[in-house]
């Protein structure tokens, strides 16, 4: 090992760096920095338009008794018919869409739903569950970690993830007079940006497992296997008698989202590749993804699983190879490209993920944000940097003139030049916003990737003051939905909402008792953090105790109820040595969001 380490640090690797990489094997072609973004195709939106055929609404019978509903929502719903009932795998992102699918399935069979299976935690697979569980007591199967992932998104990250998701899926476009072509893995995300609509039908999992679960439901033998990939909690469903494989979101007819621009924790891409090889070992004759259309034929299924796994490993290996040669994420994002036999495969087109985004995610997953350049350790603040570069370039007028000149030939550069002006003085230069919007529209028209197209157009509309983006209003429907979560999740939301300036110098502990959930928690604000502690009992020496039903607390936090009225009518009861309402209100003011 010492020999290898010494060899790796020798001049040999230095020789390989830089332009010597022109001799590289496979995907690295560094020294060619002017490559065109792989998300841009000659056909542009035409390729994406053609891809819409993938989502023509239909109920497809894969084998007798197994049907998949395609095109009713972003995700498919799969029905497995058994002797005396049916099994539903994935349930769409809304009750409205799920009810449409349920009505179509009822034309095929009126057998009752015996079980629901979530392949993973993403919204478009779980929110329609209640439409398939009229009796309310249908068992729900999922991986053991699924509910934790759901809580993290819904409680801690919702204010940032929701608007980013709406950017990516194009939910803001209609309000600005634009339209979605398709969302790459489905026609559109059936969610409203207003925060209401017939959406919330989530049922918590009732049966969970870690690695593998074999079961027979309604006479159908199923094997559920943990297969991490697009998410850590991803599972596959294998029906050995029928040779039918349900891979969840680990395979769909588009290049995989090894990173999603809406934001995600690191997706372990080598686990994903390993899961594909596990699937391939099963010898499936039918592949029924939770997005895009099913495929039948053992040879075709095997080919898809093979190239999908190989493409993921290729991007991983060539990114890591470049990292080990000292290349940064920007260079690698421009130079790692799939070999021709993979790049041309119909299941690897950039209709969802892209190679450059994947490369950046892999780099960051291994090494984090730091690129190894010491000048980026504590960089000049972006606003200051923009002002100084603007001065060097001859001022706003010169930069805007250049942006205008580049608009047709290089809209990406035009957008970046407009950013320079906007970063220095956004409010005083509306022409920069208009120029950037025009550049983004050109980029949107030239891309086959719907995530990029939707984001470009959303930003353009916002720059034109035609739409406003941000978290949806907290509706009564959403509050009712949130009441299905343990109150601990809501308290975690409070912790990440603490204003450190208001909390400076505060050392205060407040106990909250929630009789309807039979729990009590302390929130201790100290050192400008809010520490949440579960308590077995209410301490005798608690200086401030708040007793309130969890459902009422949610309504109060969401602004659905008046705090003064709740205090006056006894909905909120305050006790303890400092049991006055003024102290409580001052404490809650520490968590106010601006």
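Quick one: how many residues across the range 128-147 are over 15 Å from the mean Cα position of the chain (by Cα) and either within 22 Å of residue 493 (Cα to Cα) or part of a helix (DSSP H, G or I) (or both)? Of the residues in the range 128-147, 6 are over 15 Å from the mean Cα position of the chain (by Cα) and either within 22 Å of residue 493 (Cα to Cα) or part of a helix (DSSP H, G or I) (or both).
Given the criteria surrounded by 16 or more Cβ atoms within 10 Å (Cβ to Cβ), touching a helix residue (DSSP H, G or I) at 6+ places or on another chain (Cβ under 8 Å) and assigned by TED's automatic domain parsing to the domain that holds residue 570, does residue 545 qualify?
On the way: surrounded by 16 or more Cβ atoms within 10 Å (Cβ to Cβ): yes; touching a helix residue (DSSP H, G or I) at 6+ places or on another chain (Cβ under 8 Å): no; assigned by TED's automatic domain parsing to the domain that holds residue 570: yes.
Considered against the rule, which asks whether it is surrounded by 16 or more Cβ atoms within 10 Å (Cβ to Cβ), touching a helix residue (DSSP H, G or I) at 6+ places or on another chain (Cβ under 8 Å) and assigned by TED's automatic domain parsing to the domain that holds residue 570, residue 545 comes out as no.
Pairs are defined by a Cβ separation below 8 Å, a sequence spacing of at least 6 or placement on different chains, a first member in the range 295-316 that is at negative phi, and a second member that is modelled with pLDDT under 95 and part of a helix (DSSP H, G or I); no pair meets this definition.
If you check residue 163 against the conditions, is it in the same structural domain as residue 233 (by TED's automatic domain parsing), farther than 26 Å from residue 66 by Cα and crowded, with 17+ Cβ neighbours inside 10 Å? Criteria met by residue 163. When residue 498 is tested against (1) over 30 Å from residue 586 (Cα atoms); (2) surrounded by fewer than 22 Cβ atoms within 10 Å (Cβ to Cβ); (3) touching a strand residue (DSSP E or B) at 6+ places or on another chain (Cβ under 6 Å), only condition (1) is not met.
On the basis of being under 24 Å from the mean Cα position of the chain (by Cα), buried (at least 19 other Cβ atoms within 10 Å of the Cβ), part of a loop (DSSP other than H, G, I, E, B) and not assigned by TED's automatic domain parsing to the domain that holds residue 229, does residue 289 make the cut? Criteria not met by residue 289.
If only residues of the range 95-120 that are in a loop (DSSP other than H, G, I, E, B) and buried (at least 16 other Cβ atoms within 10 Å of the Cβ) are counted, the one that is nearest to the chain's Cα centre (by Cα) is 120. All conditions but one from (1) touching a helix residue (DSSP H, G or I) at 6+ places or on another chain (Cβ under 9 Å); (2) outside any loop (DSSP other than H, G, I, E, B); (3) at pLDDT 95 or above apply to residue 92; the one that does not is (2). Of the set (1) surrounded by fewer than 21 Cβ atoms within 10 Å (Cβ to Cβ); (2) in contact with a strand residue (DSSP E or B) (Cβ under 8 Å, 6 or more places away or on another chain), all apply to residue 447 but (1). In the condition set (1) surrounded by 16 or more Cβ atoms within 10 Å (Cβ to Cβ); (2) more than 26 Å from the chain's Cα centre (by Cα); (3) more than 30 Å from residue 74 (Cβ to Cβ), residue 317 is compliant with all but (2).
Step by step: first the residues of the range 552-566, then only those that are surrounded by fewer than 16 Cβ atoms within 10 Å (Cβ to Cβ) and not in a loop (DSSP other than H, G, I, E, B), then the one that is modelled with the highest pLDDT. Which residue is that? Filtering first and then ranking leaves 565.
Within the range 438-457, does at least one residue satisfy the condition of being in a strand (DSSP E or B), under 24 Å from residue 353 (Cβ atoms) and in contact (Cβ under 8 Å) with a residue 24 or more places away in the chain? Checked the range 438-457: at least one residue is in a strand (DSSP E or B), under 24 Å from residue 353 (Cβ atoms) and in contact (Cβ under 8 Å) with a residue 24 or more places away in the chain.
If the requirement is being in contact (Cβ under 8 Å) with a residue 12 or more places away in the chain, assigned to a helix (DSSP H, G or I) and within 29 Å of residue 182 (Cβ to Cβ), which of these qualifies: 403, 424, 432, 414? Quick ask: steps written out before the conclusion?
Working: 403 fails: within 29 Å of residue 182 (Cβ to Cβ); 424 fails: within 29 Å of residue 182 (Cβ to Cβ); 432 fails: within 29 Å of residue 182 (Cβ to Cβ).
Testing whether each residue is in contact (Cβ under 8 Å) with a residue 12 or more places away in the chain, assigned to a helix (DSSP H, G or I) and within 29 Å of residue 182 (Cβ to Cβ) leaves just 414.
For every residue, the table says whether it meets (1) within 20 Å of residue 75 (Cα to Cα); (2) touching a helix residue (DSSP H, G or I) at 6+ places or on another chain (Cβ under 7 Å); (3) free of Cβ contacts under 8 Å to residues at least 60 places away in the same chain.
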| residue | (1), (2), (3) |
| --- | --- |
| 170 | yes, yes, no |
| 176 | no, yes, no |
| 184 | yes, yes, no |
| 191 | yes, no, no |
| 200 | yes, yes, no |
| 204 | yes, yes, no |
| 214 | no, no, yes |
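Would you mind stating whether residue 571 is over 31 Å from the mean Cα position of the chain (by Cα) and surrounded by 12 or more Cβ atoms within 10 Å (Cβ to Cβ)? The answer is yes for residue 571.
If the requirement is being within 22 Å of residue 307 (Cα to Cα), in contact with a helix residue (DSSP H, G or I) (Cβ under 9 Å, 6 or more places away or on another chain) and surrounded by 14 or more Cβ atoms within 10 Å (Cβ to Cβ), which of these qualifies: 431, 355?
Numbers: 431 fails: within 22 Å of residue 307 (Cα to Cα).
Just one listed residue meets the conditions, 355.
The set of residues in the range 64-76 that are over 18 Å from residue 103 (Cβ atoms) and surrounded by 16 or more Cβ atoms within 10 Å (Cβ to Cβ) comprises 65, 66, 74.
Do you know which residues across the range 215-233 are in contact with a strand residue (DSSP E or B) (Cβ under 8 Å, 6 or more places away or on another chain), over 25 Å from residue 252 (Cβ atoms) and in a loop (DSSP other than H, G, I, E, B)? Answer for the range 215-233, where residues must be in contact with a strand residue (DSSP E or B) (Cβ under 8 Å, 6 or more places away or on another chain), over 25 Å from residue 252 (Cβ atoms) and in a loop (DSSP other than H, G, I, E, B): just 218.
Looking at 505, 484, 489, which is the one that is outside any strand (DSSP E or B), in contact (Cβ under 8 Å) with a residue 60 or more places away in the chain and surrounded by fewer than 14 Cβ atoms within 10 Å (Cβ to Cβ)?
Checking each option against the conditions leaves just 484.
The values are calculated or read from the model by the stated rules, or taken from the named source; none is laboratory data. Here the structure is a predicted model, which means the values were calculated and not measured. We place every Cβ from the backbone using ideal geometry, glycine too, and count neighbours over all the protein chains shown.
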